[in-house]
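Q: Below are the structure tokens for one structure; questions will follow.
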Amino acid sequence: MQKNVVLLPGDGVGPEVTAQAVKVMEVVAKRFGHQFNYQTFDFGGASIDKHGVPLTEECLDACKKSDSVLLGAVGGPKWDKVEPLIRPEKGLLKLRKELNLFANIRPTKLFPQIRDACPLKDEIIEKGIDFTVIRELTGGAYFGEKRRYAGPHDERTAVDEIKYDENEIARIGKVAFETAKLRRNILCSVDKANVLETSRLWREVMHEMKGQYPEVQYSDMYVDNAAMQIIRNPSAFDVIVTENMFGDILSDEASTLAGSLGMMPSASLSDTKLGMYEPIHGSAPDIAGQNKVNPLATILSSAMMMRYSFDMPKEADTVEWAVNSVLDNGYRTADIQGKSNKAVTCSDMGDLVREAIR
């Protein structure tokens, strides 16, 4: 089977982790008789430096024609003072919108081999941490109208519009309910319906949908309570669905439970098989080019690509098994290093996963 993949290494440590994921994908292709064809484009800050914009039309067109996109990381202090309309993050938002990547899936799983890296108490960890945050990705405040104006006393005033329609909510709701059916049949919808009108509509639509999924145990939770319960009792969650801003915050909070951002993959999906896959960590410019970064989140993101976009569940299982095997053998990058583990570099970790698959 042939699949066309666009690689967007991006900024900071992005090129390093992307290279390790490709290394793993190549050995998977060889073992299972596939062919992955790659096109690489500048993206984010790297594209601003070369082309003056974070996302070129050539890159966007290639992404639209691809079977999937693998992204490293974007942004960094170097571009903090760039014109807001062309900052690296604007390229990411435009790409999500143009590819209709409305569903962001972020699994939060604490691998037992690195439980010491989790900041929670043992009695909480022992119950297990394995849930998924499904975040609506193309609506809400990030894409609403933004404006500034002078107030009645000439004070600077800013407005960010939060907007959702029922179809946008139902679309992400379907992804959440269907995901819950594939897991433990537990779904928690997170909103702020006691304050926000968009959240009241969100809750109405979710309640209308839950009758279609009688097997799913459904509940609502305010976002402030959800933020607390993710820390106090993470084992109570299976699938969480929420709007864009809440999902951004809660999934980043949840990432601390996995022991390191370097262990957290993600998928951004459209209503077709086209998706974009990326680690949730940032560009980490402080360690860029030092071969220190943990590539496992990007490698696990490539496994999600095989599962969701390529219909290759055995291949995805193999990558995930290989990651577990390497951790079982005590190998660790600096972010998950314990007292008695074997310290390895970014490229070492990629080689170890590749050899485990081979």
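What follows draws every value from the coordinates through simple rules; no lab data is involved. On a predicted model such as this, the values are computed, not experimentally measured, just so you know. Reconstructed Cβ throughout: ideal geometry from the backbone, glycine too, with neighbour counts over all protein chains shown.
Q: For a Förster distance of 45 Å, can you work out the FRET efficiency between the beta-carbons of ASP160 and SER340, rounded to the nearest 0.05? Display every interim value, and only then the final one.
A: Values: r = 49 Å, r/R0 = 1.08.
Rounded to the nearest 0.05, the efficiency is 0.40.
Q: Please compute P(r) over all alpha-carbon pairs of the range 296-358, binned at 5 Å starting from zero, and give each bin as a whole-number percent.
A: 4, 19, 27, 23, 14, 8, 3, 1
Q: Right, next: Kindly provide the Kirkwood hydrodynamic radius of the chain in Å, to one decimal, from all pairs of distinct alpha carbon atoms.
A: Numbers: mean 1/r = 0.0474 Å⁻¹.
When all Cα pairs of the chain are included, the Kirkwood radius is 21.1 Å.
Q: Mind giving me the nanometre distance, one decimal, between the label points for ARG203 and LYS174, set 7 Å out from Cα along Cα→Cβ?
A: It is 2.5 nm.
Q: Quick one: of the DSSP bridges fully inside the chain, what percent are antiparallel, nearest 5?
A: On the way: 20 of 49 bridges.
About 40 percent, rounded to the nearest 5.
Q: Pull up the DSSP beta bridges for the range 119-258 and report the antiparallel fraction as a percent, rounded to 5.
A: Expressed as a percentage, antiparallel bridges in the range 119-258 total about 25.
Q: Oh, and also: The range 119-258: Rg/Rh from Cα coordinates, Kirkwood Rh?
A: 1.04
Q: Can you pick out the pairs among LYS30/LYS181; LYS64/LYS210; LYS127/LYS192; LYS146/LYS273; LYS50/LYS78 whose Cα atoms lie more than 24 Å from each other? List each step's numbers first, then the result.
A: Numbers: LYS30/LYS181 33 Å; LYS64/LYS210 33 Å; LYS127/LYS192 28 Å; LYS146/LYS273 32 Å; LYS50/LYS78 14 Å.
Table pairs above 24 Å Cα-Cα are LYS30/LYS181; LYS64/LYS210; LYS127/LYS192; LYS146/LYS273.
Q: With a cut-off of at most 16 other beta carbons within 10 Å, and DSSP calling the residue loop, which GluC sites (Glu not before Pro) in the range 35-126 qualify? Please list them. Let's see the in-between values first.
A: Details: sites: GLU57, GLU58, GLU89, GLU98, GLU123, GLU126; in loops: GLU126.
Taking the range 35-126 and a limit of 16 other Cβ atoms within 10 Å, the loop GluC sites (Glu not before Pro) found are GLU126.
Q: Starting with the fewest neighbours, write out HIS153, HIS281 ranked by other beta-carbon atoms found within 10 Å of each beta-carbon.
A: Details: HIS153 5, HIS281 23.
By the 10 Å Cβ count, ascending, the order reads HIS153, HIS281.
Q: In nm, to one decimal, how far is the ALA150 label point from the ASN185 one, both placed 7 Å along Cα→Cβ?
A: In this crude label model, ALA150 to ASN185 measures out at 6.3 nm.
Q: Oh, and also: Loop only per DSSP, at most 13 neighbouring Cβ atoms within 10 Å: give me the trypsin sites (Lys or Arg not before Pro) in the range 99-169, ordered by residue number.
A: LYS121, LYS127, LYS163
Q: Let me ask something else. Can you sort PHE32, PHE310 by how many other beta carbons sit within 10 Å, fewest first?
A: On the way: PHE32 14, PHE310 19.
Ascending number of Cβ neighbours within 10 Å: PHE32, PHE310.
Q: Calculate the FRET efficiency for SER235 and ARG358 from the Cβ-Cβ distance with a Förster distance of 41 Å, rounded to the nearest 0.05.
A: Values: r = 35 Å, r/R0 = 0.87.
FRET efficiency, SER235 to ARG358: 0.70.
Q: Taking the convex hull of the Cα atoms, report for the range 88-173 its projected area averaged over all directions, in nm². Don't jump to the answer; show the numbers that get you there.
A: On the way: hull surface 40.3 nm².
Value for the range 88-173: 10.1 nm².
Q: Taking the Cα centre as origin and putting +1 on Lys and Arg beta-carbons and -1 on Asp and Glu beta-carbons, what dipole magnitude results for the chain, to the nearest 20 debye? Each step should come with its number before you reach the end.
A: Values: 44 positive and 52 negative charges, 137 e Å.
The calculated dipole for the chain is roughly 660 debye.
Q: Which order do TRP79, TRP202 fall in if you start with the one that has the fewest other Cβ atoms within 10 Å? Walk me through the numbers on the way to the answer.
A: Working: TRP79 21, TRP202 28.
The most exposed by this proxy come first: TRP79, TRP202.
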